[in-house]
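So the structure is just underneath, and the comments pick up after that.
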Amino acid sequence: MRAEILRSPIKIAGFEVFKGHLDGPAQTKMVAELREVARVAPMRHPVTRFGKQMSVQMTSAGRVGWISDAGGYRYEPRHPDGMQWPPIPAGILDVWRTLTGIERTPDCCLINFYGEGARMGLHQDNDEGDFAYPVVSLSLGDDGLFRMGGTERGGKTQSLWLSSGDVVVMGGAARLAYHGVDRIRFGSSSVLPDGGRINVTLRVVSH
Ligand code: SIN
Ligand code: MN
């Protein structure tokens, strides 16, 4: 079923990139759903354990949300302001099911917002309890230069511009691969009228 309806992804170092997976109306609908999540659970600039403010703003939906503060990186069942994280929007769960074929619902939908000049350094997604499940990553809004490496810090990397509607699946060998966003092309898309880029990642956090 999956194979018939899906265009084959570009494969780069184990990362599967589905270019243009979401069409314009689907992107607009998803942005509206994400705005609603951010209304209930406001975006914040997380601070690393070393006290440095991250340039991206974040919030989450789902059973748990990813947070970073003086206590380090971790998943928490509540937003730092005390509310529960809103449910993961249905359209986002559809992308997970379509691309992975996995029935299990992800525990966390982390939502990153990149304003002008925001970036994300190379890192591994390794705060989850089970690396057998892939991470699914959706891009909306401005183009972002996505850098992909291997599982060792300091290894060779390759870069690709991700555009609004693109989806990346990080599974198998790429599940623990280093990745990051060097820069965005602020104002390159009209999907977010005030510019900026949204990235959504879906993760299974516990068994
Ligand atoms: C992330 O690794 O959490 C974000 C990746 C991206 O913004 O494309
Ligand atoms: Mn990541």
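Key figures for this structure:
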item: Selected residue (only one of 163, 159, 188 is modelled with pLDDT of 95 or more and within 16 Å of the chain's Cα centre (by Cα)); result: 163
item: Residue that is farthest from ligand 1 (Cβ to nearest atom) [pool: residues in the stretch 151-198 that are touching a Lys or Arg at 6+ places or on another chain (Cβ under 7 Å) and in a loop (DSSP other than H, G, I, E, B)]; result: 157
item: Filter pass, residue 192 being within 22 Å of residue 25 (Cβ to Cβ) and in contact (Cβ under 8 Å) with a residue 40 or more places away in the chain; result: yes
item: Of all residues making up the stretch 166-193, the number that are under 20 Å from residue 118 (Cβ atoms) and of a type in the set (Gly, Ala, Ser); result: 5
item: Candidates 150, 144, 154, 171, filtered to the one that is under 13 Å from residue 122 (Cβ atoms), out of contact with any helix residue (DSSP H, G or I) (no Cβ under 6 Å at 6 or more places or on another chain), within 16 Å of ligand 2 (Cβ to nearest atom) and not aromatic (Phe, Trp, Tyr); result: 150
item: Tally, over the stretch 186-204, of residues that are open to solvent by 20 Å² or more (accessible area, probe 1.4 Å) and touching a strand residue (DSSP E or B) at 6+ places or on another chain (Cβ under 8 Å); result: 2
item: Where residue 49 falls short, out of the listed (1) over 15 Å from the mean Cα position of the chain (by Cα); (2) modelled with pLDDT of 95 or more; result: (2)
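One line per residue, one yes/no per condition, for (1) at negative phi; (2) of a type in the set (S, T, N, Q); (3) open to solvent by less than 10 Å² (accessible area, probe 1.4 Å):
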site: 111; (1), (2), (3): yes, no, yes
site: 135; (1), (2), (3): yes, no, yes
site: 147; (1), (2), (3): yes, no, no
site: 151; (1), (2), (3): yes, yes, no
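The values are calculated or read from the model by the stated rules, or taken from the named source; none is laboratory data. Note that the structure is a prediction, hence the values are computed from the model and not measured. All Cβ positions, even for glycine, are placed from backbone atoms using ideal geometry, and neighbour counts span all protein chains on display. Keep in mind that these areas ignore ligands, DNA and RNA; they rest on the heavy atoms of the full protein, side chains included. Shrake-Rupley method; radii C 1.70, N 1.55, O 1.52, S 1.80 Å.
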